[in-house]
Amino acid sequence: MSETVRILVVDDEESMQEFLQICFRREGHEVVTAGDVGSALVALENDDFDVVISDIQMPDRSGLDLLREARALAPDTVFIMITAFASTETAIEAMREGAYDYITKPFKVEEIRITIEKALE
C-alpha cells in the first residue's frame with residue numbers, strides 16, 4: 001500500500017479504534033474513527049473512504065446494519081468486518097451483504113493490512 005488510503009474504523013471499543021488508527025497512520029494513511037453506527041454513517045455521508053473496518057457486535061446497532069445502510073452512501077468503499085464473536089452465519093451474512101472480508105479478533109495487523117492491499121488492487 002504505497003499511496004494514502006482513507007480508512008474509517010468503527011468500533012465501540014476506544015482501545016481498538018486507537019490501536020488501528022496508530023498502526024495505519026504509521027503507514028501514512030488517513031484514519032478516522034467512529035464509536036457507533038450513527039457516527040460512522042455521518043462520516044460516510046460527509047467524506048469519502050477507501051476502506052471501512054467495522055466491528056460487528058456493537059451496542060444499539062451492529063456492523064451489519066452499518067454495512068447495509070452504507071452501501072447506498074458509499075457503494076465503492078471496501079468493507080472489512082471484524083468480530084470477537086465469530087459464527088459461520090454471521091460471516092455468510094456479512095459476505096452476502098457485500099463485505100470484502102471477515103476477520104476474527106484477536107487478529108494480527110498484518111492480516112488486515114494484506115486484506116486491504118488485496119481489496120484495493
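The values are calculated or read from the model by the stated rules, or taken from the named source; none is laboratory data. Predicted, not measured: the structure shown is a model, and the values here were computed from it. Cβ: placed from backbone, ideal geometry, glycine included. Neighbour counts: every protein chain shown. Heads up: the accessible areas ignore ligands, DNA and RNA and are worked out on the full protein's heavy atoms, side chains in. Shrake-Rupley method; radii C 1.70, N 1.55, O 1.52, S 1.80 Å.
Need at least 1 residues that are out of contact with any Phe, Trp or Tyr (no Cβ under 9 Å at 6 or more places or on another chain), hydroxyl-bearing (Ser, Thr, Tyr) and surrounded by fewer than 14 Cβ atoms within 10 Å (Cβ to Cβ) per element, so show me which helices (runs of 4 or more DSSP H) inside the range 28-121 make the cut, counting only ones lying wholly within it.
Qualifying helices (runs of 4 or more DSSP H): 88-96.
Selection of first residues in the range 81-103 that are touching a residue at least 24 places away in the same chain (Cβ under 8 Å) and of second residues that are open to solvent by 20 Å² or more (accessible area, probe 1.4 Å) and assigned to a strand (DSSP E or B), restricted to Cβ pairs under 6 Å at least 6 apart or on distinct chains, gives the following pairs, ordered by first then second residue: MET81/TYR102; ALA94/TYR102. Among the conditions (1) within 26 Å of PHE85 (Cα to Cα); (2) at pLDDT below 95, SER2 misses just one, which is (1).
Considering the range 17-27, and only residues there that are outside any loop (DSSP other than H, G, I, E, B) and not aromatic (Phe, Trp, Tyr), the residue that is nearest to VAL5 (Cα to Cα) turns out to be ARG25. You will find that of ARG26, ARG68, the residue that is within 14 Å of the chain's Cα centre (by Cα) and basic (Lys, Arg) is ARG68 and no other.
Within the range 63-77, residues that are under 12 Å from ALA40 (Cα atoms) sit with their Cβ atoms under 9 Å from residues that are modelled with pLDDT under 95 and in a helix (DSSP H, G or I), at 6+ positions apart or across chains, in these pairs: GLY63/ALA94; LEU67/ALA94. Give the residues of the range 13-22 that are of a type outside the set (A, V, I, L, M) and either touching a residue at least 60 places away in the same chain (Cβ under 8 Å) or surrounded by fewer than 16 Cβ atoms within 10 Å (Cβ to Cβ) (or both), sorted by residue number. GLU13, GLU14, SER15, GLU18, PHE19 - these are the residues of the range 13-22 that are of a type outside the set (A, V, I, L, M) and either touching a residue at least 60 places away in the same chain (Cβ under 8 Å) or surrounded by fewer than 16 Cβ atoms within 10 Å (Cβ to Cβ) (or both).
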